[in-house]
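Only the coordinates and a few stated rules stand behind these numbers; no lab work does. Just so it is clear, the model here is predicted, and its values are computed rather than measured. Cβ placement follows ideal geometry from the backbone for every residue including glycine, while neighbour counts extend to all protein chains displayed.
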Amino acid sequence: MKFLCIDCDEQMVFEDRQQPGDGTFAAAFRCPGCGRRMALLANPMESQLVGSLGVKIGGRELDEQPFELTRAQMVGKPDAFDDAEPSEAATAGKPGPVVWSPQAEERLSRAPTFVRGMIKRIYAEYARDQGIAEITPEVMDTARTDLGLEGM
Amino acid sequence: MMSFRTYFDVTGEDRSQLGAQVEDQRAQVRERLASVRTTVAVMSGKGGVGKSYLTASLAGELAARGRAIGVLDADLRSPTVARLLDASGPLRVVEHGVEPAAGRDGIRVISSDFLLDDGQPLTWRGPEAERHLWRGALEAGVLREFLAHVVWGTLDVLLIDLPPGADAATELAPLVPDMAGTIAVTIPSEESRRSVERAMRAARDAGLTLLGVAENMSGYACAECGHTRPLFAGDAGARLADEFQVPLLARIPFDPGAGSLVTSPSAPVGQLITHLEAALS
């Protein structure tokens with residue numbers, strides 16, 4: 001998928017992606033020639049169709065997580081998964097432990113239990129990689145943008 | 001009138017790389033299944049013929065012979081094989097995948113049965129509208145994750161219990177590299193023969209290897225007199241084997257003792273394995 005600025009005949013560059021609500025998927029592109037920006041808005045059905053393939057528009061920032069598609073899309077039972085803590089080898093050389101602020105915990109608690117463990121692990125790993133000691137809602141917002149975690 | 005360059009004329013990077021993402025998914029499956037010696041799918045065009053029961057029996061018998069066996073329940077909407085193998089969740093998520101549940105005799109099992117509450121049908125998040133358009137893609141995606149993300153380890157045989165339907169095997173085939181072949185399960189009746197014939201034809205046309213036919217409920221094994229008496233009219237197993245020029249792997253009588261086939265060695269399943277090993281060799 002490529003976007004072309006017709007006036008400049010230049011390929012537009014990807015800038016941002018979000019899920020602003022009601023199932024809409026939005027991706028922003030900018031023309032490096034004239035600076036014009038445009039947004040692709042996919043309706044909920046189109047967003048779902050692409051999401052069902054397990055691919056990410058704008059590319060993957062994060063390796064595919066175990067059962068990522070299954071956990072994000074299926075209506076599953078709360079105790080289906082036992083998410084192991086990362087091993088010492090995985091966290092070696094990284095600051096830790098990471099703590100969650102009450103506000104971040106509250107936001108996390110809104111995610112279905114079926115997928116919560118996966119989301120928690122992704123944010124914790126992001127915080128460790130960035131040297132962040134406390135996960136707050138702001139950190140979650142930044143991680144979501146940086147990692148392309150729309151919908152999580 | 002405007003004229004456009006083609007996708008490939010525009011030589012800049014495609015940041016989404018959707019094609020490359022799909023290829024990565026395939027590579028993950030290949031990498032994970034590299035330690036699986038043989039993959040066999042158990043199929044039938046018709047529901048209720050005992051596919052899952054046969055899969056569980058086969059897995060049990062092979063495990064009893066010391067083989068490392070995995071079972072992937074591809075019947076997402078009506079999963080049954082996990083319970084026949086006494087496997088249950090929760091599933092442990094580790095760094096590089098999801099550990100399969102352990103069934104009897106160390107059989108490694110993955111099934112949507114571990115993911116759904118009892119009695120809960122398979123449902124998805126997302127918009128209600130046009131659900132039929134993306135449901136198939138999601139189900140294929142879940143099966144891909146079952147193949148690629150489950151830490152199968154080294155297996156002698158991975159058995160895949162397919163859902164009923166003429167196209168179940170052909171839809172799965174692109175996801176499974178180097179599948180050794182399929183076993184078709186039927187009951188003796190003409191109705192079953194017609195249904196399984198379609199499934200076998202679809203599989204053959206898709207280039208899948210037909211390893212043979214197993215006829216289930218092939219008579220009724222009377223526990224009192226020891227004789228096997230007719231249960232269904234017909235000889236679907238033999239006719240299908242003849243039509244497709246494949247071995248009739250086994251004729252398995254209906255056993256009112258139900259679970260006994262799964263838990264203990266049985267002559268017909270043993271015979272099936274002997275034929276299967278010959279076909280695989």
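Mind checking the angle between helix B:18-33 and chain B's longest principal axis? C-alpha axes, 0 to 90 degrees, to the nearest 10. Relative to chain B, helix B:18-33 is tipped by roughly 30 degrees. Of B:Ser189, B:Ser218, B:Ser16, which has the largest mean-square fluctuation in a 10 Å C-alpha GNM of chain B? Among B:Ser189, B:Ser218, B:Ser16, the largest GNM mean-square fluctuation belongs to B:Ser16.
Could you identify which residue out of B:Gly45, B:Gly219, B:Gly19 has the top mean-square fluctuation in a GNM of chain B using Cα springs shorter than 10 Å? In the Gaussian network model the winner is B:Gly19.
Taken as Cα centroids, region A:11-63 and region B:37-69 sit 44 Å apart, rounded to the nearest whole angstrom. With a 10 Å cut-off around each Cβ of B:50-57, the average count of Cβ atoms from other chains is 0.
Using just its DSSP H runs of length 4 or more, each adding -39500 (n - 2.57), chain B gives a mean residue ellipticity at 222 nm of -11000 deg cm²/dmol after division by all residues. Taking amide hydrogens as placed 1.01 Å from N in the peptide plane, the amide H of A:Glu15 sits under 5 Å from those of A:Ala28, A:Phe29, A:Arg30, each at least 5 positions away in sequence or on another chain. From a point 7 Å beyond the Cα of B:Leu231 in the direction of its Cβ, which residues of region B:168-203 have a backbone N at a distance under 16 Å? Output list for this probe position: B:185-193.
Enumerate the lysines that A:Lys2 could reach by cross-link, defined here as Cα to Cα under 17 Å, with residues fewer than 8 away along the same chain left out. Within reach: A:Lys56.
Counting Cβ atoms of other protein chains within 10 Å of each Cβ in A:128-136 and taking the mean gives 0.
Here the 3J(HN,Hα) profile of region B:198-208, calculated from phi with Karplus coefficients 6.51, -1.76 and 1.60 at θ = phi - 60°, is 4, 5, 5, 5, 4, 5, 5, 5, 7, x, 7 Hz, Gly and Pro shown as x.
Under the definition of Cα pairs under 8 Å and six or more residues apart, what whole-number percent is the relative contact order of region B:131-281? It comes to 20 percent, rounded to a whole number. Across peptide B:21-34, the average count of Cβ atoms from other chains found within 10 Å of a residue's Cβ is 2.
Each residue of region A:18-31 was assigned a 3J(HN,Hα) from its phi angle through the Karplus expression (A = 6.51, B = -1.76, C = 1.60, θ = phi - 60°), giving 8, 10, x, x, 6, x, 6, 10, 10, 10, 9, 10, 10, 7 Hz with x at Gly and Pro. Straight-line reach from A:Lys77: which lysines have Cα under 20 Å away, leaving out those fewer than 8 places along the same chain? The reachable lysines, counting only those whose Cα sits under 20 Å from A:Lys77, are A:Lys120. Over all other residues within a Cβ to Cβ distance under 9 Å of A:Pro137, the charged ones net out to -2, with Lys and Arg as +1 and Asp and Glu as -1.
Taking the helices alone, chain A has a mean residue ellipticity at 222 nm of -10500 deg cm²/dmol, built from -39,500 (n - 2.57) per DSSP H run of at least 4 residues and averaged over all its residues. Each residue of region A:40-56 was assigned a 3J(HN,Hα) from its phi angle through the Karplus curve 6.51 cos²θ - 1.76 cosθ + 1.60 (θ = phi - 60°); the sequence is 8, 10, 9, 6, x, 5, 5, 4, 5, 4, 5, x, 5, 7, x, 10, 10 Hz, with glycine and proline shown as x.
At 25 °C and 0.890 mPa s, grab the translational diffusion coefficient of the protein assembly as shown from Stokes-Einstein with a Kirkwood Rh over Cα pairs, rounded to a whole number in µm² per second. The estimated diffusion coefficient comes to 102 µm²/s. When the Gaussian network model of chain B links Cα atoms closer than 10 Å, the mean-square fluctuations of B:Val36, B:Val93, B:Val176 top out at B:Val93. Computed packing ranks the peptides A:133-146, B:161-174, B:228-241 as B:161-174, B:228-241, A:133-146, most packed first, by mean other Cβ atoms within 10 Å.
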